[in-house]
Amino acid sequence: MIIKNAEPGDVEKLLTFRQEAAAWLLELGSDQWQRPYPAERLLKTIEAQTVFMVTDGDATAATITLTTDAEDGLWTTRELEEPSMFVNKLTVARTHAGRDIGGRLLDWAGERASKAGATWLRLDAWTTNEALQRYYLRHGFDHVRTVLGGAAVNGGPRVSGWLAQRRTGPATHGFTDLTIAPSPLASDH
């Protein structure tokens with residue numbers, strides 16, 4: 001399997017991928033990702049080179065966004081001063097479920113973050129999705145705290161406030177990495 005940077009032409013494919021994941025989550029009884037994701041926001045993150053895709057032949061097996069930007073109101077000022085990168089929108093195709101591709105992507109993200117100079121790989125997960133929270137704990141993350149209430153950046157209620165982190169470092173993920181090398185974190189981080 002190959003991991004590469006997403007390209008602007010991948011927007012529709014990634015939006016469909018997210019809709020399929022949202023339908024699967026709804027079948028499980030979760031309201032996660034039921035609001036449509038704006039195509040223009042996805043395009044901006046692709047253009048910023050923070051969206052990555054795992055391909056298996058012609059199939060898109062998974063996607064992840066890895067950024068230095070934290071959502072407002074989740075992490076403390078002190079935490080934000082620590083060199084960190086943030087995982088968002090980790091999604092594995094149902095056709096590729098059960099192969100630990102998500103776990104391997106987290107390992108890849110931790111290695112990429114380390115190469116950029118980050119100490120922490122951090123994420124916020126859906127507050128009511130306890131199965132997802134257990135998944136991250138099984139993959140070496142430590143729960144930091146759960147932020148309830150307040151509004152998310154897009155103005156809606158905060159629904160993704162379960163915070164977790166793990167240290168970055170080298171990993172054996174098994175992907176053929178064709179991504180553009182990460183930029184070093186800014187020294188003011």
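Quick notes on this structure:
- Looking across the range 111-133 at every residue that is touching a strand residue (DSSP E or B) at 6+ places or on another chain (Cβ under 7 Å), of a type in the set (Gly, Ala, Ser) and not in a helix (DSSP H, G or I), the one that is nearest to THR168 (Cα to Cα) is identified as ALA118.
- When we screen LEU105, LEU43 for residues that are touching a His at 6+ places or on another chain (Cβ under 9 Å) and assigned to a helix (DSSP H, G or I), the only hit is LEU105.
- The residues listed here are LEU25, LEU80; of these, the one that is modelled with pLDDT of 90 or more, assigned to a helix (DSSP H, G or I) and aliphatic (A, V, I, L, M) is LEU80.
- For the range 134-162, residues that are assigned to a strand (DSSP E or B) and either closer than 26 Å to LYS4 by Cα or modelled with pLDDT under 95 (or both) total 5.
- Hey, THR127 closer than 21 Å to ASP10 by Cα and surrounded by fewer than 21 Cβ atoms within 10 Å (Cβ to Cβ) or not: no
The values are calculated or read from the model by the stated rules, or taken from the named source; none is laboratory data. Note that the structure is predicted; figures quoted are calculated from it, not measured. FYI the Cβ positions are ideal-geometry reconstructions off the backbone, even for glycines, and counts take in every protein chain you see.
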